[in-house]
1. Considering only the stretch 315-337, state which residues are touching a residue at least 40 places away in the same chain (Cβ under 8 Å) and either of a type in the set (Val, Ile, Thr) or over 25 Å from residue 36 (Cβ atoms) (or both).
2. Using the structure shown, decide if residue 180 is at pLDDT 95 or above and of a type in the set (Gly, Ala, Ser).
3. Does the stretch 233-240 contain any residue that is surrounded by fewer than 20 Cβ atoms within 10 Å (Cβ to Cβ) and in a helix (DSSP H, G or I)?
4. Among the numbered criteria (1) farther than 23 Å from residue 291 by Cα; (2) surrounded by fewer than 24 Cβ atoms within 10 Å (Cβ to Cβ); (3) touching a residue at least 40 places away in the same chain (Cβ under 8 Å), which one does residue 78 miss?
5. So residue 365 passes all but one of these: (1) out of contact with any Asp or Glu (no Cβ under 9 Å at 6 or more places or on another chain); (2) surrounded by fewer than 23 Cβ atoms within 10 Å (Cβ to Cβ); (3) part of a helix (DSSP H, G or I); (4) modelled with pLDDT of 95 or more. Which condition number does it fail?
6. Going through the stretch 369-423 one residue at a time, which ones are under 30 Å from residue 213 (Cβ atoms), assigned to a loop (DSSP other than H, G, I, E, B) and of a type outside the set (Val, Ile, Thr)?
7. Looking only at helices (runs of 4 or more DSSP H) that fall completely inside the stretch 265-355, which ones have 2 or more residues that are of a type in the set (A, V, I, L, M)?
8. Can you work out which of the residues in the stretch 241-257 that are among the small types (Gly, Ala, Ser) and touching a residue at least 24 places away in the same chain (Cβ under 8 Å) is surrounded by the most Cβ atoms within 10 Å (Cβ to Cβ)?
Amino acid sequence: MQAINTGDTAWMLVSTAFVIMMTVPGIALFYAGMVRRKNVLSTMVQSFAICCLASVVWMICGYSLAFTPGTSWIGGMSRFFLNGLVEHFHNGSDSAFILGAGTAGATPMTIPESVFLTFQMSFSVIAPAIITGAFAERIKFSALCLFVVLWSLLVYAPIAHWVWSPNGWVAALGAVDFAGGTVVHINAGIAGLVCALMIGKRNGFRREDMSPHNLAYAIIGASLLWIGWFGFNAGSAFGANGRAGMAMLTTQIATAAGALAWMMLEWFYTKKPTALGIISGAVSGLVGITPAAGFVLPVGALVIGLVSGVICFWSVSVIKRRLGYDDSLDAFGIHGVGGIVGALLTGVLAYGPLSATEASPGGVVGSFSQLLKQAEAVGVTIIWCAIVTAFIVVIIDRTVGMRVTRDEELEGLDMTQHGERLN
């Protein structure tokens, strides 16, 4: 057994806490600030409950399905209920482990498996939390809980296995995703769009005032997301090393560029730069750089941030308006679109030496061939996520029902789903 590296482990413990912070309180405050007053508590409770549900699902079987060898499409059962995890303890101390042991792509790690799986658990938590922004203010809490369990097992775990397990088919293809552009953001964004279309628009959509209740909450939430994202991206280097440092730098640059791009476009078209606009642009930059953070140089990060800010602005401000769908808090417009932009640009801008290893001394290099690999991974992710998410929505709608009644929606989810309200 390989001994753990204490410096790498310390960084991963911090990174894991940062990513958990992205959901509670990050997403909770970010989304709560953008809904109407009558739905603020329910929106925050959704993020909190998802953190609890997804964590338990991951412990029971999600981690095993995502990261044990199994097949190229899904993991095995060797870590159900985290069975066998204790095998890494010897003489009172934990040892490092080999990810994908027994496969051609086996990867020796320098951290305990308990830390690795908890870090990955934090990703499985934030993905369904992002989806809630698409159908905010109109879903039953019972339906949400059931949706999180089924989606985590049928959509998130398989795609995580394809991309991040050493024997996953996307990994074998050579497509890359440093920190979750495909697994988290495209996945959650497409699921959000499917849910928004199938559940339908909010009552009064485009006829009533649905402006945010408290943008101060949203700004605080976005700020927490920005800070937490350093754990999300730099933590995906799985060690306190140069690649983590580069991922942190590229994350900061892309986020700033995305915020400025959105702000300048909005300023040009509406004559006023809004608070909602600049934080939306920042999140666009964060999403765009996620798949690329450990593969690109600072100039590449600047390009990704600017392009993500521009295209996400166009998606939210133009395309959504023209098509008329109600993606309440732009889960698809920012996370889905930004994730696609970042995943594709990774194939163009990747700088080989950043990802070079003994097994692959050239690393991942931006090229037309790499772009095609990235596009294939994006396309299959979109198709799988859309089909399976639609199936899940149909099943839930025909059993417990997905949507609250019109009267419940008018009264607000705080009272009708939780019996509480803001005073």
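The values are calculated or read from the model by the stated rules, or taken from the named source; none is laboratory data. Not measured: the values here are computed from a predicted model. Note that we place each Cβ from the backbone using ideal geometry, even for glycine, and neighbour counts take in every protein chain shown.
1. Those that are touching a residue at least 40 places away in the same chain (Cβ under 8 Å) and either of a type in the set (Val, Ile, Thr) or over 25 Å from residue 36 (Cβ atoms) (or both): 334, 337.
2. Judged against the criteria, residue 180 is a match.
3. no
4. Evaluating residue 78 over (1) farther than 23 Å from residue 291 by Cα; (2) surrounded by fewer than 24 Cβ atoms within 10 Å (Cβ to Cβ); (3) touching a residue at least 40 places away in the same chain (Cβ under 8 Å) leaves (3) as the failure.
5. (3)
6. Selection gives 401, 402, 412, 419, 420, 421, 422, 423.
7. So the answer is 275-289, 298-314, 337-349.
8. So, considering only residues that are among the small types (Gly, Ala, Ser) and touching a residue at least 24 places away in the same chain (Cβ under 8 Å), the one surrounded by the most Cβ atoms within 10 Å (Cβ to Cβ) is 254.
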